[in-house]
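Have a look at the structure below, then the notes.
The values are calculated or read from the model by the stated rules, or taken from the named source; none is laboratory data. Here the structure is a predicted model, which means the values were calculated and not measured. Cβ coordinates were reconstructed from backbone atoms using ideal geometry, including for glycine residues, and neighbour counts include every protein chain displayed.
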């Protein structure tokens, strides 16, 4: 797949905080036959100040048959990164943005439990 096709493909990005279910959602979406997710979750390449769009493309298995498939990504850091927001706007102006949220008290308690283990 060439870079132009990759940049213009159907795409969505899920934004969410830590401990809001982003890892579970990534796992579920990765199993869907019509969605291509990054090989690894949490790379957060679009938030890097040294972004190389070819590196971002390489984070996906673009050797799959991709006719009419949708590219997706789940990130727990993009929502608070100005660099990521600018990169998303620059490279993917038509991206669908989704948010996954959690009750703040439950999220904070879950985060506390993770840190105390």
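Which residues, counting only those in segment 87-106, are under 14 Å from the mean Cα position of the chain (by Cα), surrounded by 13 or more Cβ atoms within 10 Å (Cβ to Cβ) and farther than 14 Å from residue 71 by Cβ?
87, 100
For segment 71-80, state whether one or more residues are over 12 Å from the mean Cα position of the chain (by Cα) and surrounded by 13 or more Cβ atoms within 10 Å (Cβ to Cβ).
No - not one qualifying residue is present in segment 71-80.
Take the residues in segment 26-62 that are part of a loop (DSSP other than H, G, I, E, B) and touching a residue at least 40 places away in the same chain (Cβ under 8 Å); name whichever of them is farthest from residue 1 (Cα to Cα).
So the residue we want is 44.
Modelled with pLDDT of 90 or more and either within 30 Å of residue 112 (Cα to Cα) or surrounded by 13 or more Cβ atoms within 10 Å (Cβ to Cβ) (or both): does that describe residue 29?
It is true that residue 29 is modelled with pLDDT of 90 or more and either within 30 Å of residue 112 (Cα to Cα) or surrounded by 13 or more Cβ atoms within 10 Å (Cβ to Cβ) (or both).
Quick check: anything in segment 67-79 touching a strand residue (DSSP E or B) at 6+ places or on another chain (Cβ under 7 Å), touching a residue at least 24 places away in the same chain (Cβ under 8 Å), assigned to a loop (DSSP other than H, G, I, E, B) and more than 23 Å from residue 110 (Cα to Cα)?
Yes, segment 67-79 contains at least one residue that is touching a strand residue (DSSP E or B) at 6+ places or on another chain (Cβ under 7 Å), touching a residue at least 24 places away in the same chain (Cβ under 8 Å), assigned to a loop (DSSP other than H, G, I, E, B) and more than 23 Å from residue 110 (Cα to Cα).
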